[in-house]
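A short worksheet on the structure shown next.
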Amino acid sequence: MAKIERAQKLFLKSLKEKFQGQDVEGETASYFTWGGMAQSPRKQEFIKAARGVEMDRGISMYDPARCHLGGIPLGQRQLMTYEVSQSGVYVEGDDLHFVNNSAMQQFWDDIRRTVIVGMDLAHQTLQKRLGKEVTPETINEYLHILNHAMPGAAVVQEHMVETHPGLVDDCYVKVFTGDDELADDIEPQFLINIEKLFPADQAATLKAATGKSMYQAIHIPTIVSRTCDGGTTSRWSAMQIGMSFIGAYRMCAGEAAVADLSYAAKHAGVVQMASHLPARRARGPNEPGGIKFGLFSDIIQANRKYPKDPARASLEVVGSGVMLFDQIWLGSYMSGGVGFTQYATAAYTDNILDEYTYYGMDYLKDKYGYDHRNPGAEKQVKPTQEIVNDLATEVNLNAMEQYEQYPTLMEDHFGGSQRAGVIAAACGLTCSIGTGNSNAGLNGWYLSMLMHKEGWSRLGFFGYDLQDQCGSANSLSVRPDEGLIGELRGPNYPNYAMNVGHQGEYAAIVGGAHYGRNDAFCYSPLVAITFADPSLKFDFAEPRREFAKGAIREFMPAGERSLIIPSR
Amino acid sequence: MAYKPQYGPGTSAVAENRRRQMNPGVQLEKVRDVTDEDIVLILGHRAPGSAYPTAHPPLAEQQEPDCPIRKIVTATDGAKAGDRVRYIQFTDSMFNAPSQPYQRTYTECYRFRGIDPGTLSGRQIVECRERDLEKYSKFLVETEMFDSARIGIRGATVHGHSLRLAEDGMMFDMLQRCLLGDDGIVRYVKNQIGEPLDRAVAVGKPMDEAWMKKHSTIFHSLVGSAYRDDAEYIEYIQRIHSLRTKYGFMPKE
């Protein structure tokens, strides 16, 4: 380990913007002169809105002057703004709470309302059991009917209620296949075109992995999955698939073969985005706690857009991962409350994690000759304990020193959990991107945690005592009782289940291992293709930019109810 | 052979300070005087002079089960009396405060009995029987483990450990529980949970920069000792990590 020179300091611009008129390297600051909550336009907006609500409903509400610490409001120090990393957009922290950010909501809505259903089983049933002909023409006709039915329209019956298309406009189905000839015969409106959407080498790999099979990428209405839950997605989808087959192939609605189609759509041929959870955290499929880290890294599409920058691709996974797993899953599903946002945003604001990670990339190139701008499996570093120790130690020490050298940087990440997650993420990403081994990345994470704790005699909240001080023993060496490669771990993996500031970063460490190898996918080619679809409401190639749009109220979500409520 | 604690690795002053604090055989320097009543006021758990509220009758008055552990472990004074379990919580600035969260926990475990410490990034709490707590608190405030400007006694609303210092050198405390007077002495005007005190409690002058650097137990490349420079410390952590990683495959090196 030996410190290398790196001049960029990606966080400096943000610090200068946040701490305007102050020396960002200074050790002292003014306090109690900031005007409390008056310094925040957003808090003022909240106060004004609350007064209106109170007048309207006659029940008291947001009242920080009375309720916060017995009359001492927030803002005795500077209430900072934040730049969403690499977006150039500065926002208030409140704008990054998922309740206040429609893009964050849509990010999760778009995952929860998605299932992938294979068509091969259904086609075999139609052809072999019923003797019907399946051709590109019949498939196109079926897709027309399915895109009529999936949002909630009748196909067979003559007296049925239906859903308003304006309320379910985000619902549709497309298909994809690795068979170029078949793909050419599918109407473009229904096709996810692998060839056009992915870089050539990734497209070739994805097509080979998909083979001649055809899959439906199904997105049920946001409004449905919000009213019900993730477990609804495959059921809603299967019902409309069954009815559409009946309509398209002129089947009898009651004939026994329909059961085969239903079973294929509901069970045998369906790929959920998340597995269901055990009773103690009971949730159905397609809820955040069941998303495997490898699968999540395939949902995020930054590696498709930035194949020559695995660090950038990984950082997008971090940002979206902490938003989903910390802010929504742990912060709300599992815990309730609003505090988790402050932890999570540290990993995707002010380019701090970005700087630490690119330092790791520079170190990899300088010492080991691995150029992250030219990734590839054959160029990677061997994942030995010695190399992991060296990489993680240097990246960890550099990050700690940056916090020390720039006191405003330390103040930006004023909580130990913020710093611990960010520092360890940079270490883990450096190890995984450089070695192409997700467990080496996790092992780098855990060395960082031990080193951080000893250096500053502090780490994060109590939860960091749990997984981070025993993680060395379940990474890099895979023990039968606890070991699992990172790709197959998830938010419900033992020890991972309750701690903020980890899961999004773990997902990125897993993704980074594959981005660093220039792989086309991490876990599932089907998922990687499905979320490349440009018709989705949320752009999964740029999640941080999308969150920034949500924060400044420029993101247009789905599932709105304005059509069926009084106009305001 | 009896176990002899080593207290931790490292060749730096930080490492040595950590070992000194942890080692109960070392008598830490007393740098200020705070009365028993002052401690009770800052803690805020009971009024000075009032009886200790109890959670159970004195051990001598209640039927104890025939338990071999009870015969081995002598109850603390507070446990004997049936005191409530109460707490003191510290916030330690990262700018060379003389103690830091894990360091406090380790030190308390070596030096005190009957305690339940909790360690976070911005605060460290230790809970125990009330009269034991007052004794331990006096030690923690009067010795070189404390500085009146860069260590705060805070039950709630603890932000400050990682923030820049105020222009008067005090660590930020939103509730301003203690203030630096014109005479250079820091006084608590609120107890640790933030309730105003009937009288201010003086906890002495802040120590100077040279003293702080000399007594620091945190590595800091800007204002103190750089972590990177203590190669033995780094090597030791890497070794522990490597052994833990390999243990499943190779129980012996």
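The values are calculated or read from the model by the stated rules, or taken from the named source; none is laboratory data. Computed from a predicted model, the values in this text were never measured in an experiment. So basically every Cβ, Gly included, is an ideal-geometry build from the backbone, and we count neighbours across all protein chains shown. Keep in mind that these areas ignore ligands, DNA and RNA; they rest on the heavy atoms of the full protein, side chains included. Shrake-Rupley method; radii C 1.70, N 1.55, O 1.52, S 1.80 Å.
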Condition broken by A:Met449, with the remaining ones in (1) part of a helix (DSSP H, G or I); (2) within 13 Å of chain B (Cβ to nearest Cβ); (3) surrounded by fewer than 24 Cβ atoms within 10 Å (Cβ to Cβ) satisfied: (3)
Residue in the stretch B:170-184 that is assigned to a loop (DSSP other than H, G, I, E, B), within 11 Å of chain A (Cβ to nearest Cβ) and open to solvent by 70 Å² or more (accessible area, probe 1.4 Å) present: yes
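Conditions tested, residue by residue: (1) within 9 Å of chain A (Cβ to nearest Cβ); (2) under 19 Å from B:Tyr87 (Cα atoms).
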residue: B:Phe139; (1), (2): no, yes
residue: B:Arg150; (1), (2): no, no
residue: B:Arg154; (1), (2): no, yes
residue: B:Leu163; (1), (2): yes, no
Search result, residues across the stretch A:452-476 that are away from every other protein chain (no Cβ under 11 Å) and either under 17 Å from B:Arg239 (Cα atoms) or of a type in the set (A, V, I, L, M) (or both): A:Leu466, A:Asp468
Filter result for A:Gly289 (closer than 30 Å to A:Tyr359 by Cβ, assigned to a helix (DSSP H, G or I) and modelled with pLDDT of 95 or more): no
Residue, nearest to the other protein chains (Cβ to nearest Cβ), within the stretch A:369-419, restricted to residues that are in contact (Cβ under 8 Å) with a residue 40 or more places away in the chain and among the aromatic types (Phe, Trp, Tyr): A:Tyr406
Filter result for A:Met119 (under 30 Å from A:Ser213 (Cβ atoms) and modelled with pLDDT of 95 or more): yes
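Condition (residue is of a type in the set (S, T, N, Q) and either in contact with a strand residue (DSSP E or B) (Cβ under 7 Å, 6 or more places away or on another chain) or within 12 Å of chain B (Cβ to nearest Cβ) (or both)) applied to the stretch A:482-502: is it met by at least one residue?
No, the conditions are met nowhere in the stretch A:482-502.
This table checks each residue for (1) surrounded by 24 or more Cβ atoms within 10 Å (Cβ to Cβ); (2) among the charged types (D, E, K, R); (3) closer than 27 Å to A:Gly376 by Cβ.
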residue: A:Asn303; (1), (2), (3): yes, no, yes
residue: A:Leu315; (1), (2), (3): yes, no, yes
residue: A:Ser320; (1), (2), (3): yes, no, yes
residue: A:Trp329; (1), (2), (3): yes, no, no
residue: A:Met334; (1), (2), (3): no, no, no
residue: A:Val338; (1), (2), (3): no, no, no
Cross-chain or 6+ apart pairs with Cβ under 9 Å, the stretch B:1-29 first and in a loop (DSSP other than H, G, I, E, B), then at pLDDT below 95: B:Asn23/B:Pro5
In the stretch A:207-235, residue nearest to A:Phe190 (Cα to Cα) [restricted to those that are free of Cβ contacts under 8 Å to residues at least 40 places away in the same chain and open to solvent by 50 Å² or more (accessible area, probe 1.4 Å)]: A:Lys212
All positions within the stretch B:224-244 that are surrounded by 17 or more Cβ atoms within 10 Å (Cβ to Cβ) and modelled with pLDDT under 95: B:His241, B:Ser242, B:Arg244
Scope the stretch B:220-249; condition facing another protein chain (nearest Cβ under 8 Å), part of a loop (DSSP other than H, G, I, E, B) and under 28 Å from B:Leu165 (Cβ atoms); matching residues: B:His220, B:Ser221, B:Leu222, B:Val223, B:Ala226
Where A:Val91 falls short, out of the listed (1) surrounded by 13 or more Cβ atoms within 10 Å (Cβ to Cβ); (2) more than 14 Å from chain B (Cβ to nearest Cβ); (3) assigned to a helix (DSSP H, G or I): (3)
The stretch A:452-473, residues that are touching a residue at least 24 places away in the same chain (Cβ under 8 Å) and outside any helix (DSSP H, G or I): A:Arg458, A:Leu459, A:Gly460, A:Phe461, A:Gly463, A:Asp468, A:Cys470
Selected residue (only one of B:Gly49, B:Gly10, B:Gly25 is out of contact with any Ser or Thr (no Cβ under 7 Å at 6 or more places or on another chain) and surrounded by 18 or more Cβ atoms within 10 Å (Cβ to Cβ)): B:Gly10
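One line per residue, one yes/no per condition, for (1) buried (at least 23 other Cβ atoms within 10 Å of the Cβ); (2) aromatic (Phe, Trp, Tyr):
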| site | (1), (2) |
| --- | --- |
| B:Thr107 | yes, no |
| B:Phe112 | no, yes |
| B:Arg150 | yes, no |
| B:Thr157 | no, no |
| B:Leu165 | no, no |
Any hit, the stretch A:366-385, residues being aliphatic (A, V, I, L, M) and buried (at least 24 other Cβ atoms within 10 Å of the Cβ): no
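What number of residues within the stretch B:119-131 satisfy the criterion of being in contact with a helix residue (DSSP H, G or I) (Cβ under 9 Å, 6 or more places away or on another chain) and either away from chain A (no Cβ under 14 Å) or within 19 Å of B:Ala55 (Cβ to Cβ) (or both)?
Qualifying residue count for the region: 6.
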Meets criteria (away from chain B (no Cβ under 13 Å), in contact with a Leu (Cβ under 9 Å, 6 or more places away or on another chain), assigned to a helix (DSSP H, G or I) and not charged (D, E, K, R)) for A:Leu442: no
Flag if A:Ala507 is open to solvent by less than 10 Å² (accessible area, probe 1.4 Å) and either farther than 23 Å from A:Lys382 by Cβ or among the charged types (D, E, K, R) (or both): yes
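From the list A:Asp63, A:Asp23, which residue is in contact with a helix residue (DSSP H, G or I) (Cβ under 9 Å, 6 or more places away or on another chain), loosely packed, with under 15 Cβ neighbours inside 10 Å and modelled with pLDDT under 95?
Answer to the check: A:Asp63.
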Residue in the stretch A:505-527 that is part of a loop (DSSP other than H, G, I, E, B) and among the hydroxyl-bearing types (Ser, Thr, Tyr) present: yes
Residue within the stretch B:195-212 that is open to solvent by less than 70 Å² (accessible area, probe 1.4 Å), over 19 Å from B:Thr143 (Cα atoms) and within 11 Å of chain A (Cβ to nearest Cβ) present: no
Single unsatisfied condition, B:Ser99 versus (1) without any contact (Cβ under 8 Å) to a residue 60 or more places away in the chain; (2) surrounded by 11 or more Cβ atoms within 10 Å (Cβ to Cβ); (3) in a loop (DSSP other than H, G, I, E, B); (4) of a type outside the set (A, V, I, L, M): (1)
Test: A:Tyr493 is crowded, with 24+ Cβ neighbours inside 10 Å, out of contact with any Ser or Thr (no Cβ under 7 Å at 6 or more places or on another chain) and either part of a loop (DSSP other than H, G, I, E, B) or at pLDDT 95 or above (or both): no
Single match in A:Leu484, A:Leu476 (criterion: part of a loop (DSSP other than H, G, I, E, B) and out of contact with any helix residue (DSSP H, G or I) (no Cβ under 6 Å at 6 or more places or on another chain)): A:Leu484
